[in-house]
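Visitor: Take this structure, written in structure tokens, and hold onto it; I'll ask about it next.
All of the numbers you see were taken from the coordinates with simple rules; none came from a lab. Everything numeric in this text was worked out from a predicted model, so none of it was measured. As a convention, Cβ positions derive from the backbone with ideal geometry for all residues, glycine included, and neighbour counts pool all protein chains shown.
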Amino acid sequence: MSLFGKKEKGEHKIVRQYQERGGDKLQPEYHRATPECPNPSRWHMYDGMTAEVEVLEFLRCLITTFKPNLVVETGTFMGVSTVWMAEGMKQNGFGKIITCEFDPKVFATAKERIQASGFGDWVEHRNESSLDMKIDGQIDILFTDSDLGVREAEVRKFLPQMNPNGIILMHDASSHLKIVREAAKKLEAEGLISVILLPTPRGLVIAQKRQGRT
Ligand SMILES: C[S@@+](CC[C@H](N)C(=O)[O-])C[C@H]1O[C@@H](n2cnc3c(N)ncnc32)[C@H](O)[C@@H]1O
């Protein structure tokens, strides 16, 4: 859609549709089939940006299973994955998620949603780029979900701060989307991380830092 002669940014279009509808729309996942995930419509999604619903469930479950003190998320979008993880943290009774979104318009929507969710106390949301983000202390879970092209740089940036027993997640790592999958394999080939390529519709890398692993 063109607004005032300018092409509307994908993220803004989804935010606008969400606001016009007054809520999320649960639907079958529509990302294309891949050799590793031939039936994507068995999964569910709210929109093409927010992680698959089953991945959201997995994130919440990972929080309650692993009980992290600090989670860092890159790419808040509307805050849906943030809120699912925060729900796990509320159940744990401790922990913090630091999430960043560099688009001010998208960030404003995320802020509203996080505050309205009832899980805002577990979240520090920042309107900044992941590559400028400064984090104090050890990261237990890193969930990278920003632009595809910066994911490798994000993992390299935060790797020294990763808990060696922690988890690195890289979303959008399907063989169709390629960039993130290749980045994860490259980091593995360099001996920096060990990866599992989870065959979800958009692909999810589950990784661990090699150095310092007990
Ligand atoms: C795929 S969406 C995130 C979806 C969200 N994690 C979820 O599942 O609910 C990616 C978001 O990252 C933002 N983004 C892209 N590159 C970024 C960067 N380098 N730093 C911060 N935000 C970024 C985009 O504006 C977009 O809103």
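Visitor: Say each of Lys13 and Asn92 gets a label point 7 Å from the Cα, pointing the same way as Cα to Cβ; how far apart are those two points in nm?
Guide: Distance between the two pseudo-spin positions: 3.7 nm.
Visitor: Then there is this: Need the C-alpha centroid separation for the stretch 66-80 versus the stretch 92-165, integer Å.
Guide: So the separation of the two Cα centres works out to 5 Å.
Visitor: Would you kindly state how much longer the chain becomes between Asp136 and Ala33 on full extension, computed as 0.36 nm times their sequence separation minus their alpha carbon distance, in nm to one decimal?
Guide: Result for the pair: 33.1 nm of gain on full extension.
Visitor: How big is D, in µm² s⁻¹, for the stretch 76-160 by Stokes-Einstein at 37 °C and 0.692 mPa s if Rh is the Kirkwood radius over C-alpha pairs? List each step's numbers first, then the result.
Guide: Working: Rh = 13.3 Å.
In µm²/s, the coefficient rounds to 248.
Visitor: Here's something else I'd like to know. Can you tell me how much longer the chain between Ala189 and Asn69 gets when fully stretched, taken as 0.36 nm per residue apart minus their C-alpha distance, in nm with one decimal?
Guide: Difference between extended and current length: 40.3 nm.
Visitor: What order do you get for 191-200, 164-173 when each peptide is scored by the mean count of other beta carbon atoms within 10 Å, highest first?
Guide: 164-173, 191-200
Visitor: Okay, next question. If you add up the charges near Lys134, with Lys and Arg at +1 and Asp and Glu at -1, over every other residue whose beta carbon is less than 14 angstrom from its beta carbon, what do you get?
Guide: -3
Visitor: Under 37 °C and 0.692 mPa s, how fast does the chain diffuse according to Stokes-Einstein, given a Kirkwood radius computed over C-alpha pairs? Answer in µm²/s, whole number. Before the final figure, lay out each step's value.
Guide: Numbers: Rh = 17.5 Å.
Estimated via Stokes-Einstein, D reaches 187 µm²/s.
Visitor: While we're looking at this one, here's another question. Given a cut-off of under 8 Å on Cα pairs at least six residues apart, what relative contact order in percent is computed for the chain?
Guide: In percent, rounded to a whole number, it is 17.
Visitor: Taking the chain as a Gaussian network, Cα atoms linked when under 10 Å apart, which of Gln19, Gln138, Gln161 shows the biggest mean-square fluctuation?
Guide: The residue that fluctuates most here is Gln19.
Visitor: Fully extended, how many nm does the chain gain between Arg156 and Ile179 (0.36 nm per residue separation, minus their Cα-Cα distance)?
Guide: Additional length available on full extension: 6.8 nm.
Visitor: Rounded to the nearest 20 debye, what is the charge dipole size of the chain about its Cα centre when +1 sits on each Lys and Arg Cβ and -1 on each Asp and Glu Cβ?
Guide: The dipole magnitude comes to about 240 debye.
Visitor: Which pairs, out of Lys13/Lys105; Lys67/Lys209; Lys6/Lys134; Lys7/Lys185; Lys157/Lys186; Lys13/Lys111, put more than 23 Å between their alpha-carbon atoms?
Guide: The answer is Lys6/Lys134; Lys7/Lys185.
Visitor: Fewest Cβ neighbours within 10 Å first, please rank Trp84, Trp43 accordingly.
Guide: Ranking Trp84, Trp43 by Cβ neighbours within 10 Å, fewest first, gives Trp43, Trp84.
Visitor: List the residues, sorted by chain then number, that are 5 or more residues from Leu70 or on another chain and whose placed amide H is less than 5 Å from its amide H.
Guide: So Leu70 has HN proximity to Lys96, Asp140, Ile141.
Visitor: Given H placed 1.01 Å from N in the peptide plane, which residues other than close sequence neighbours of Val123 have an amide H under 5 Å from its amide H?
Guide: Ile97
Visitor: Please order Arg60, Arg181 by the number of other Cβ within 10 Å, starting at the fewest.
Guide: Ranked by crowding around the Cβ, least crowded first: Arg60, Arg181.
Visitor: Show me, for the stretch 12-19, the HN-Hα J-couplings you get by feeding each phi into the Karplus relation (A = 6.51, B = -1.76, C = 1.60, θ = phi - 60°), rounded to Hz, glycine and proline as x.
Guide: Per-residue couplings from phi come out as 5, 5, 5, 4, 4, 4, 4, 5 Hz.
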